[in-house]
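Following: one structure in structure tokens, then a few remarks.
The values are calculated or read from the model by the stated rules, or taken from the named source; none is laboratory data. Given the structure is predicted, the values throughout are model-derived calculations rather than measurements. Every residue, glycine among them, receives a Cβ derived from its backbone with ideal geometry; neighbour counts consider all protein chains shown.
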Amino acid sequence: MRASDGTPRSSRRLEFGAPHVEGPRHAPDRPMNFRSLSTLAALVVFAGCASGPPPAPFFVESATPLAAPPADKAQIVFVDPANAIQGAFPAWLYEVNGKDRSLLAVMGPHSKSVQLVAPGHHMFASDAPGGAHILEADVAAGKRYYVLVRFVYAHGMQLRPLRATGTSEYSVNFKEFPEWLASTTFFVKTPAADDFNQ
């Protein structure tokens, strides 16, 4: 409601001597000052610290270089060249045997993991927000295989075998394959990942 002179009623009260108190609580039109912002930022930081130490990581960088596949095992290299946005959530990789599954690795952005398995038929699964994907593979001893861990929007992380022949995106001859290997780092799972997976 407006007063007869066209000014808002609240302004008219101020004009007629209503108590006016200075300060941030009583001056909503005034921008927050630097000291208030600094105090708020400090409170947010201290609140985060009060919750305790950060959780143990699920995977850490491996110091072991990639060796040749052993004569009695197949070597499978899982490669996740996704950027940090696509790889915001880790992909949990499992080997599935009937109703049992064993955790092989936890993959994040720009990571890779090497797994040694017995020759023969295997079933691998990725579990990430959006869904699980299955890859069945028949592997031979003494050979290296590459699997692309590929982000698929709203469907999790897909496992795509990279063929030894051809030039498609799903081949080791694809033009970006050398960059995928160069831009990724080998990681290994930690005991925290195994504990979390129980």
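Key figures
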item	result
Only one of Ala118, Ala141 that is in the same structural domain as Leu103 (by TED's automatic domain parsing) and surrounded by 14 or more Cβ atoms within 10 Å (Cβ to Cβ)	Ala141
Condition broken by Phe78, with the remaining ones in (1) farther than 25 Å from Ala63 by Cα; (2) part of a strand (DSSP E or B); (3) aromatic (Phe, Trp, Tyr) satisfied	(1)
Selection count, region 163-198, where residues are touching a strand residue (DSSP E or B) at 6+ places or on another chain (Cβ under 6 Å) and without any contact (Cβ under 8 Å) to a residue 60 or more places away in the chain	4
Criterion: within 22 Å of Pro65 (Cα to Cα) and modelled with pLDDT of 90 or more - qualifying residue of Gly120, Gly142	Gly142
